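K.L.:
Here it is: the structure, laid out below.
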Amino acid sequence: MARRSLHCAIPLVLAIALPAPAIAVIILDTTWAEEGGEEDDPAAGFGAAIDLARQPQFAALVALASDGGHWGDCSGTWIGNDERHGYVLTAAHCFSEEAPPEGFRVLSSGGSEFAVVRGAIHEDWVDTGTTTGYDIVVLTLDSPVRDAGPAPTLYGGDEERGRLLTFMGYGSRGIASIGQHDDYHDGEVTAAAAQGLVDVVKADGDDEDTGNYLGVFLPAEDGSIENPYGGATLPGSRLAGLLGSGDSGGPAWLQDDGRWVLAGVNSNGTGNAEAGQTSWFVRVAGKRDWILTHAPMARFAP
């Protein structure tokens, strides 16, 4: 499969499936229809996905805008403050020489706006499609974040496989039969969320791609598409879906011991994000030491 960028489309080919940067979420056709989506009003069927992203345990979600851009150019997660700054985790592919981190703004879930004063991009990130696990940045903000709930706990374990991942962001939308499409977004700056079972847990050195990452495959609703990773052939929840453009850098969460923990950073995906495709996430547990180097206040468990 070719990997699809969630920020800008760059077709690439890799071993099983390569990532491309992420749009906002894609959901199942039946869920979209049950929520009021129809041909004459395709943007109306995302109520449940929007409600999921608005739950208070996900208040650390933030929107990013480049200089002159709009909220939802990328997404991110606020992970804590020190006395003078807030810190945000997001994706490296959101930035370039022409659009460095320091030219971006950040909008918290409480409505506060921040300037980025520094961006620490992982030193092994190269935008070639073969460094998915290094698609990560810690942004330093010009002041602490005070309106995004408590700072989240980051997942430091190794038991992601087979568990339900809840991922979200600001960006485009779509349905599983079509994939991402502009008609499915009403233009509002509103986050949406989807879910999927973790089929792939990649550690360094497993194949041609590098870094630690997670993969979520979206089955067809009738079970007609074989899962190339040997996982489920039916969707894992009513809100099963994939990432889309603009979701890049946003959070992916697991429930662990009764609490929500940040397990992934939205990275990229294959195809046009329709059924039978895969979304990819930087594996937070595999970047524990690196994250703590640039954001020492971040909290991990276990």
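Bear in mind these aren't lab numbers, they're just calculated from the coordinates by the rules spelled out. Since the model is a prediction, treat every value here as computed from it, not as a measurement. Reconstructed Cβ throughout: ideal geometry from the backbone, glycine too, with neighbour counts over all protein chains shown.
K.L.:
Pull up all non-local amide H partners of Leu154: gap of 5 or more, or a different chain, and H-to-H distance under 5 Å with H placed in the peptide plane.
P.N.:
Leu262, Arg299, Phe300, Ala301
K.L.:
For the range 113-178 and the range 257-302, write down the distance between their C-alpha centroids in whole Å.
P.N.:
6
K.L.:
Note down the magnitude of the dipole of the chain about its Cα centre, charges +1 on Lys and Arg C-beta and -1 on Asp and Glu C-beta and zero elsewhere, to the nearest 20 debye.
P.N.:
Details: 17 positive and 43 negative charges, 187 e Å.
Charge dipole of the chain: 900 debye, to the nearest 20.
K.L.:
Arrange the following residues from fewest to most other Cβ atoms within 10 Å of their Cβ: Arg283, Arg238.
P.N.:
By the 10 Å Cβ count, ascending: Arg238, Arg283.
K.L.:
While we're looking at this one, here's another question. What is the gain in length, in nm to one decimal, between Asp147 and Asp183 on full extension, counting 0.36 nm per residue of separation less the C-alpha to C-alpha distance? Kindly include the intermediate steps, with their values, before the conclusion.
P.N.:
Details: separation 36, 0.36 × 36 = 12.96 nm, distance 3.21 nm.
Taking Asp147 through Asp183 to full extension adds about 9.8 nm, to one decimal.
K.L.:
A further question on this structure: Tell me, what is the percent relative contact order of the chain, built from C-alpha pairs under 8 Å that lie six or more residues apart?
P.N.:
Working: 928 pairs, mean separation 80.1, N = 302.
Relative contact order comes out at 27 percent.
K.L.:
Which values of log₁₀ I(q)/I(0), to two decimal places, follow from the Debye formula for the range 76-135 at q = 0.23, 0.24, 0.25 Å⁻¹ with a uniform point scatterer at every Cα?
P.N.:
-1.03, -1.09, -1.15
K.L.:
Ok, one more. Using modelled backbone amide H atoms (1.01 Å from N, in-plane), which distant-in-sequence or interchain residues come within less than 5 Å of His185's amide H?
P.N.:
For His185, whose amide H was placed from the backbone, the distant partners under 5 Å are Arg173.
K.L.:
Starting from a Cα-only point model with no solvent, please compute log10 I(q)/I(0) by Debye for the chain at q = 0.12, 0.14 1/Å.
P.N.:
-0.66, -0.92
K.L.:
Could you work out, for the range 211-276, what percent of all Cα-Cα pairs fall into each 10 Å distance bin, beginning at 0 Å and stopping at the bin that holds the largest distance?
P.N.:
Taking all Cα pairs of the range 211-276, the binned fractions are 19, 46, 32, 3 percent.
K.L.:
Follow-up. Output wanted: per-residue J couplings in Hz (rounded whole) for the range 228-241, from phi through Karplus 6.51 cos²θ - 1.76 cosθ + 1.60, θ = phi - 60°, x for Gly and Pro.
P.N.:
These are the phi-based 3J(HN,Hα) values: x, 9, x, x, 5, 10, 10, x, x, 6, 4, 9, 4, x Hz.
K.L.:
Right, another one. Treating each Cα of the range 44-111 as an identical point scatterer and ignoring solvent, apply the Debye formula and state log10 I(q)/I(0) at q = 0.20, 0.25, 0.26 Å⁻¹.
P.N.:
Here the Debye-derived log intensity ratios amount to -0.89, -1.16, -1.20.
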